[in-house]
Amino acid sequence: MTTPITTDPHPTSSGWAYRPAEFTDQTVPLLRTDIGTRCGRSLRSRYGLVDEKTLNQVLGDFGVIASELLTNALRHAAAKGFGPVEVIVALEPDDLLLVVHDGSGQGPLLDTTDPGQHAGGLGLHLVMSLTDDRWGWKATARGKFVWARFSLDTLVADGEQHRGDAAPDPAARATSLTPAHDGALWLSRALPEGERDRPFTQWGSGAPAGIPLGWTFRAVVVAAGHAQRAIGHLTLAGLPLGPALLHNPVDAPPTVTFLVPTASPDTAPVDMAFVPDGSHLLCPRPGTVGGEHRWIVAPDGSGELTDLQVLHQALAATSGPPCHLPHPTRPTTGLALDSEAAAS
């Protein structure tokens, strides 16, 4: 039987490339493990003394992205005879870049199924969240490549602190990092001015932060399966979509909480329920995954919220009579990588 992946990936100018002789259901976990090992070695070499917990979080998040893109290449290309598959990993100045090239010309579609428990269950929505929407795809002469860029700013900041640089206060640090951290600062502004450091303390200990409702936004809860389909519908239609938080406990069905404007009507439609104003919503730090609470649409600092009526229409469009929304469109995102170079 042919070995699923090469033991010595082909080096590139800034990383390495895998060209598996076969691409089977065994290949994805093998590739993810090898990518994580090599990225960890490279990042330790680049940043020196960094907190291993921070590094493991970075590697874990990048592994989730890799699992999703590799699983899609398996299910929608290799398993249907559209091969071969090539995987490129590049260590860029500020990012980790992953490129997956396969033989299918069909572009990736946002997952509109229930989240589930498998590695790719949250689909491209999770890739969008973890990369701050820095992903895309492009057709090539031999199929397509799908790419995703993952920020290394958390390692940069952590490395500076371990080298003895002055550490800024949590709110100042949040503004200096990625848009995902701007989302953290935005969440903290839902607290009274004298308490806005508290969420960063809770996040720093690895716990979700309690964010009060009713001051800067309200919250409605929707069954996870319906919510996931509605998110896909709104995203493809190009309609405003605010933060959405998945709660996936082990002993109850998963739900998704949408943040909506404070001016929303007091009575929610029948397909959703308000979280009481004045209560605290447990929110993980934007850009992190794991645990019962996970952002599937992370706050980006813009303050954009989901309109309650638009959400209701999207839920109706995916589980009931169709509603008239704009034709689904999604602009493609450019990549500073030649399509044929990605395949060669």
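The values are calculated or read from the model by the stated rules, or taken from the named source; none is laboratory data. Quick caveat: nothing in here was measured; it's all calculated off a predicted structure. Quick reminder, even Gly has a Cβ in these numbers, built from the backbone with ideal geometry, and neighbours come from all protein chains shown. In case anyone asks, the SASA skips ligands and DNA or RNA and just uses the protein heavy atoms, side chains included. Shrake-Rupley method; radii C 1.70, N 1.55, O 1.52, S 1.80 Å.
Based on what the data block shows, is residue 239 within 18 Å of residue 318 (Cα to Cα) and either aliphatic (A, V, I, L, M) or surrounded by fewer than 16 Cβ atoms within 10 Å (Cβ to Cβ) (or both)? Yes, satisfied. Pairing residues of segment 262-281 that are on the phi < 0 side of the Ramachandran plot and charged (D, E, K, R) with residues that are part of a strand (DSSP E or B) and open to solvent by less than 60 Å² (accessible area, probe 1.4 Å), at Cβ distances under 7 Å and at least 6 apart in sequence or on separate chains, gives 271/222; 277/218.
Could you go through segment 267-276 and let me know if any residue there is in a strand (DSSP E or B), within 23 Å of residue 307 (Cα to Cα) and under 23 Å from the mean Cα position of the chain (by Cα).
The answer is no; no qualifying residue exists.
Residue pairs whose Cβ atoms lie under 7 Å apart, separated by 6 or more positions or on different chains, with the first residue in segment 231-253 and aliphatic (A, V, I, L, M) and the second modelled with pLDDT of 80 or more and part of a loop (DSSP other than H, G, I, E, B), are 231/241; 234/241; 241/306; 246/254. Residues that are among the aromatic types (Phe, Trp, Tyr) and touching a Ser or Thr at 6+ places or on another chain (Cβ under 8 Å) within segment 29-88 comprise just one, 82. Just one of the numbered conditions (1) at pLDDT 85 or above; (2) surrounded by fewer than 20 Cβ atoms within 10 Å (Cβ to Cβ) is not true of residue 185: (2). Of the residues making up segment 293-312, those that are outside any loop (DSSP other than H, G, I, E, B), surrounded by 22 or more Cβ atoms within 10 Å (Cβ to Cβ) and either free of Cβ contacts under 8 Å to residues at least 60 places away in the same chain or among the hydroxyl-bearing types (Ser, Thr, Tyr) (or both) number 0. Tallying residues that are over 19 Å from residue 313 (Cα atoms), in contact with a helix residue (DSSP H, G or I) (Cβ under 8 Å, 6 or more places away or on another chain) and either hydroxyl-bearing (Ser, Thr, Tyr) or not in a strand (DSSP E or B) (or both) within segment 242-262 yields 3.
Scanning segment 251-274 for residues that are open to solvent by 30 Å² or more (accessible area, probe 1.4 Å) and among the aliphatic types (A, V, I, L, M) turns up 252, 263, 270, 273. Restricting segment 17-72 to residues that are open to solvent by 70 Å² or more (accessible area, probe 1.4 Å) and hydrophobic (A, V, I, L, M, F, W, C) leaves a set whose member that is nearest to residue 130 (Cα to Cα) is 30.
Any idea which residue in segment 73-85 is surrounded by the most Cβ atoms within 10 Å (Cβ to Cβ), counting only those that are over 15 Å from residue 136 (Cα atoms) and under 22 Å from the mean Cα position of the chain (by Cα)? The qualifying residue surrounded by the most Cβ atoms within 10 Å (Cβ to Cβ) is 74. Taking residue 89, is it modelled with pLDDT of 75 or more and over 11 Å from the mean Cα position of the chain (by Cα)? Yes, satisfied.
For segment 264-280, the count of residues that are within 27 Å of residue 62 (Cβ to Cβ) and at pLDDT 85 or above is zero. Checked against the criterion of being among the hydroxyl-bearing types (Ser, Thr, Tyr), surrounded by fewer than 23 Cβ atoms within 10 Å (Cβ to Cβ) and under 19 Å from residue 275 (Cβ atoms), segment 210-219 has at least one qualifying residue. Of all residues in segment 326-334, none satisfies being modelled with pLDDT of 85 or more and under 23 Å from the mean Cα position of the chain (by Cα).
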